[in-house]
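The values are calculated or read from the model by the stated rules, or taken from the named source; none is laboratory data. Only a predicted model underlies this, so the values are computations on that prediction, with no experimental measurement involved. Positions of Cβ are backbone-derived with ideal geometry, glycine not excepted, and every protein chain shown enters the neighbour counts. Remember, those area values only see protein heavy atoms, side chains included, never the ligands or the DNA or RNA. Shrake-Rupley method; radii C 1.70, N 1.55, O 1.52, S 1.80 Å.
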Amino acid sequence: MKITAIKTAATAGHGMHLWVKVETDAGITGLGECVHGGVQAIAIIYELRPELIGRDPMQIDAIFEELRRRHVFDGGFAGALITALTGIEIALWDLKGKALGVPIYELMGGKFRDKIRIYADCQVEPNMDFGEIQRVVDYVLERGFTAFKIDLDIGAYSGNRTRGAGLVKDPFNYTADQWEHERMVKLVEMVTTAAGPDVAVAADVHTRLDVPSAIRLAKELERFHLLWLEEPVPPENVAAMREVKRATSTPICAGENLYLRHGFRDLIVQQAVDVIMPDIPKCGGLSECRKIANLAEIYYIPFAPHNVASPIGTMASAHVCATIPNFLVMEFHWLHRDFWSTIITSKEDIIQNGYITLTDRPGIGLDLDETVARQHQYPGTTWFV
Ligand SMILES: [Mg+2]
């Protein structure tokens, strides 16, 4: 079997959802999804196309690593090149599963679990009172989720940087003043009270604190037993992250903007976090993230993927989560979007009662409804040409 064509299309959802279709001379096609690569990833895929046509699509890891190393000067460690290769890689896994008539998890050593626990990203606003927060939490829990995440830092709320007396929070300074610190603690207190003791709550700070501010916050949040505190400080300084982690019993999670095993190595080996959160359809794909998870597993660090993908990228990620021992929970970021199940041909929500159940369908196990997806076509992009 030989690759005969690589085509892309893009949908506007949580940013751009870039679809990669790989066609073969056997008439079998694979579909991958990657996110956060932007229009650069589309251009890179088209530039790589001559190097892929004629290749055996079954040699997934070798194709990925060969192209990555050949183009290392173009960004072979992080960024759009890796995301472009990720979209191709996921399409090749879908194709291989279809060619062999088995789900991807069967090609990756089989399942540790049949169901993948999902947490919902939900939106609470800084000025909500307890009743409003309770309604947001109830909306999530009524959909069957047993875990969710809130944004804690004020920078996450655009146009809402002002505080009492009309003072404006400096968008660049990392120090949390007393007002900001108290607001974050109060928010976690209200949300965890609304959720009750049986629900896992994670809180994201989006890298917006310095080390003393982060330690102070993490220590004060210990009494709320968060699932994790996400990226309290920027993740690129592993020593700073480790200092925060060592100072608190609140679990610290990071990694949504890192790429490849190389990007995660120091974070894991120096045990600078309690939980890692690679974005699978962005940072290297299914093989690479399985390797990242296995590296983390020897330090007993759980794997909780960041995820903003459509049902197809989400299900591709779920195959990885099924095949590793240290899976914790995976994100769902489409709670407030008006399309989700409509862009797959089955039209069924892959998430039922807060879990994705793996099926025995070959490849990823889902197909894109191109007619519906194209209704949300990303402006300025072409459609599978
Ligand atoms: Mg985050």
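For the reader, a short list of remarks on this structure follows.
- Residue in the stretch 179-194 that is open to solvent by 10 Å² or more (accessible area, probe 1.4 Å), under 23 Å from the mean Cα position of the chain (by Cα) and either in the same structural domain as Val140 (by TED's automatic domain parsing) or within 16 Å of the ligand (Cβ to nearest atom) (or both) present: no
- Residues that are polar (S, T, N, Q) and open to solvent by 40 Å² or more (accessible area, probe 1.4 Å), drawn from the stretch 328-348: Thr342, Thr345, Ser346
- A search for C-beta distances below 8 Å between a residue of the stretch 368-385 that is in contact (Cβ under 8 Å) with a residue 60 or more places away in the chain and at positive phi and any residue that is polar (S, T, N, Q) and open to solvent by less than 30 Å² (accessible area, probe 1.4 Å), counting only pairs 6+ apart in sequence or on different chains, returns Phe384/Thr8.
- The lone exception for Ala176 - which of (1) assigned to a loop (DSSP other than H, G, I, E, B); (2) open to solvent by 20 Å² or more (accessible area, probe 1.4 Å) it fails: (2)
- Contact map, the stretch 29-44: residues that are not assigned by TED's automatic domain parsing to the domain that holds Val308 paired with residues that are assigned to a helix (DSSP H, G or I) and surrounded by fewer than 24 Cβ atoms within 10 Å (Cβ to Cβ), Cβ distance under 7 Å, separation 6+ or inter-chain. Pairs shown: Gly30/Lys98; Gly37/Ala80; Gly38/Ala80; Gln40/Ala80; Ala41/Ala80; Ile44/Ala80.
- Within the stretch 243-255, the set of residues being open to solvent by less than 20 Å² (accessible area, probe 1.4 Å), assigned to a loop (DSSP other than H, G, I, E, B) and within 15 Å of the ligand (Cβ to nearest atom) comprises Gly255 only.
- Failed condition for Glu331, given (1) under 25 Å from Ile60 (Cα atoms); (2) outside any loop (DSSP other than H, G, I, E, B): (1)
- Residue tally, condition closer than 18 Å to Val35 by Cβ and either without any contact (Cβ under 8 Å) to a residue 24 or more places away in the chain or in contact with a strand residue (DSSP E or B) (Cβ under 8 Å, 6 or more places away or on another chain) (or both), over the stretch 62-82: 1
- Residues considered: Pro278, Pro362, Pro325. Of these, the only one that is surrounded by fewer than 21 Cβ atoms within 10 Å (Cβ to Cβ) and touching a Gly at 6+ places or on another chain (Cβ under 8 Å) is Pro362.
- When the stretch 216-225 is filtered for residues that are open to solvent by less than 10 Å² (accessible area, probe 1.4 Å) and free of Cβ contacts under 8 Å to residues at least 40 places away in the same chain, the ones remaining, listed by number, are Ala218, Leu221.
- Leading residue by the ranking (nearest to Ile312 (Cα to Cα)) among those in the stretch 275-298 that are outside any helix (DSSP H, G or I) and away from the ligand (no atom under 15 Å from the Cβ): Gly284
- In the set Val35, Val20, only one residue is in contact with a Pro (Cβ under 6 Å, 6 or more places away or on another chain) and surrounded by 18 or more Cβ atoms within 10 Å (Cβ to Cβ); that residue is Val35.
- For Glu236: the one exception among (1) open to solvent by 30 Å² or more (accessible area, probe 1.4 Å); (2) modelled with pLDDT of 95 or more; (3) not in a helix (DSSP H, G or I): (2)
Conditions tested, residue by residue: (1) open to solvent by 50 Å² or more (accessible area, probe 1.4 Å); (2) at pLDDT 95 or above.
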{"residue": "Arg55", "(1), (2)": "yes, yes"}
{"residue": "Gln59", "(1), (2)": "yes, yes"}
{"residue": "Asp74", "(1), (2)": "yes, no"}
{"residue": "Lys98", "(1), (2)": "yes, yes"}
{"residue": "Ile116", "(1), (2)": "no, yes"}
{"residue": "Ala120", "(1), (2)": "no, yes"}
{"residue": "Asp129", "(1), (2)": "yes, no"}
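- Scanning the stretch 299-325 for residues that are assigned to a loop (DSSP other than H, G, I, E, B) and more than 15 Å from the ligand (Cβ to nearest atom) gives Tyr299, Tyr300, Ile301, Pro302, Ser310, Thr323, Ile324, Pro325.
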